[in-house]
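A.B. asks: Pasting in a structure now, in structure tokens, and then I'll have a few things to ask.
The values are calculated or read from the model by the stated rules, or taken from the named source; none is laboratory data. Remember, predicted model here, so these are calculated numbers, not experimental data. Using ideal geometry, Cβ is built from the backbone for each residue, glycine included, and neighbour counts are taken over all protein chains shown. What goes into the accessible areas is simple: the full protein's heavy atoms, side chains included, and nothing from ligands, DNA or RNA. Shrake-Rupley method; radii C 1.70, N 1.55, O 1.52, S 1.80 Å.
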Amino acid sequence: MPTSRVITWAVSESKGIETAWIELTGDALRARGRVVGTVPEPYWIAYELDTADGFVTRRLRVTAETHSGTQDLDLRHDGEGRWTADGERLPGIDGALDCDLGLCPLTNSMPVLRHGLHRTPGEEDFLMAWVSVPDLTVQPSPQRYTHLDRGRVHFTSGGFRSDLVFDADGFVVDYPGLATRLAGSATP
């Protein structure tokens, strides 16, 4: 039986807000989200995220609107480590299992859920298909997640570091320097 959640975050990094409608079925996730940001420029984003078993990204579709127009991205993972963006191969991220939509706390959940890092000790290195916002370019991003204690995970990417707080279901509550869940969200 699927579990549904609606979570809203205040996103301090973009001086904006994000709401995600999430459906969990076993070890797969489907979500759609809406984002409004004002930094680096005013933008609006709509996304749809599908994962396969093990919370491995299957597809991320994103539309970004700024003063200069609308852009779309269709990012796909073939289940065997290969990625395409709008049908074009992205060999620089071969082997990655996850997408990471810039300034989106939801996409930090997939690797944490897959390895249970919000509940049990461990440290994992990942290569992510990182999507910058609002221009929607895709780049490889090495990241490390380290369990600190129940509900707390240390995150590093390049020179950036932060101790993230997750709820029991593996969704971000607090991402210092990026986003904080608003009270009253995460309801069915």
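A.B. asks: Evaluate the following for Thr66: is it open to solvent by 10 Å² or more (accessible area, probe 1.4 Å), polar (S, T, N, Q), over 25 Å from Glu23 (Cβ atoms) and touching an Asp or Glu at 6+ places or on another chain (Cβ under 7 Å)?
C.D. replies: yes
A.B. asks: Further, regarding this structure: Being in contact with a strand residue (DSSP E or B) (Cβ under 7 Å, 6 or more places away or on another chain), of a type outside the set (A, V, I, L, M) and under 22 Å from Gly37 (Cβ atoms) is the filter here, so list the residues in the stretch 136-173 that pass it.
C.D. replies: Residues satisfying the conditions are Gln139, Ser141, Gln143, Phe155, Ser157, Ser162, Phe171.
A.B. asks: Next question. Could you tell me which numbered condition Pro188 fails, if it satisfies all but one of (1) at pLDDT 95 or above; (2) closer than 25 Å to Trp21 by Cα?
C.D. replies: Condition (1) is where Pro188 drops out.
A.B. asks: From the list Asp27, Asp72, Asp50, exactly one residue is exposed (fewer than 14 other Cβ atoms within 10 Å of the Cβ), in contact with a strand residue (DSSP E or B) (Cβ under 7 Å, 6 or more places away or on another chain) and either in contact (Cβ under 8 Å) with a residue 12 or more places away in the chain or of a type outside the set (S, T, N, Q) (or both). Which is it?
C.D. replies: After ruling out the rest, the residue left standing is Asp72.
A.B. asks: For the stretch 79-188, please list each of the strands (runs of 3 or more DSSP E) lying entirely inside it that holds at least 2 residues being open to solvent by 60 Å² or more (accessible area, probe 1.4 Å).
C.D. replies: Because the criterion is at least 2 residues that are open to solvent by 60 Å² or more (accessible area, probe 1.4 Å), the strands (runs of 3 or more DSSP E) in the stretch 79-188 that meet it are 123-131, 138-149, 160-166.
A.B. asks: Which members of the stretch 85-117 meet the condition of being among the charged types (D, E, K, R) and within 24 Å of Ala64 (Cβ to Cβ)?
C.D. replies: Asp86, Glu88, Arg89, Asp98, Asp100
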